[in-house]
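The next block holds one structure in the form of structure tokens; read it before the comments.
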Amino acid sequence: MILRALKKYGMILADNGSPWYISGAPSPGWNDDLLVSELRRLKGSDFEAVDVSSLFLTGDSGQAAVDAPPPPPASLVVSAPNGGEEWRIGKSSRVAWAASGLTGKIKVELSRDGGTTWSSLAKATLNDGRQEFKVTGPGTMRARVRLTSVAQPQITDTSDAEFRIR
């Protein structure tokens, strides 16, 4: 059983010049005489040495180097208007968003027909999470805003629901 476990999982061996010892907790389930006689048949050449030094942070460190997890995927989320708001023609209104993992500018578009067609509000505004606009007509009950990363156009988001312009 121990030899099968060593074959499957391996072992860590510190070569400090002394004879090899295997230690563990005693168990009445083990036949110590049989175990000792089996283990005595092993030679050092029965084992394969694997150099794992490349896994250490430094040559004199026992701490393993671990790859940093990949960064989360870039995202862009409309926070306002996100449905149910009302923009007044002739007044100033704000488009707001949250961006993560994005650099570069943001394209801001407006739809007055629920997302069928789009017109540009800003072709490339700073990715600072907000942009003010003077609202123009015509009015609609089916307005939506769409944001798109200029550098990564596959990253985009649209208002979750329609808002009103009047």
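The values are calculated or read from the model by the stated rules, or taken from the named source; none is laboratory data. Note that the structure is predicted; figures quoted are calculated from it, not measured. Just the protein is used for accessible areas: all its heavy atoms, side chains included, with ligands, DNA and RNA removed. Shrake-Rupley method; radii C 1.70, N 1.55, O 1.52, S 1.80 Å.
Using only C-alpha positions, report the orientation-averaged shadow area of the convex hull of the stretch 15-149, nm², one decimal.
Details: hull surface 73.6 nm².
Over every viewing direction, the Cα hull of the stretch 15-149 projects on average to 18.4 nm².
Sequentially through the stretch 33-44, phi angles give Karplus couplings (6.51, -1.76, 1.60; θ = phi - 60°) of 5, 5, 4, 5, 5, 5, 5, 5, 6, 6, 10, x Hz, Gly and Pro residues having no value and appearing as x.
Heavy atoms of the protein chains alone define the surface here; on that basis the chain has 73 Å² accessible area per residue at 1.4 Å probe size. Using heavy atoms of the protein chains and a probe of 1.4 Å, the accessible area assigned to I155 is about 20 Å². Counting 0.36 nm for each residue step from E38 to A5 and taking away their Cα separation leaves a gain of 10.5 nm.
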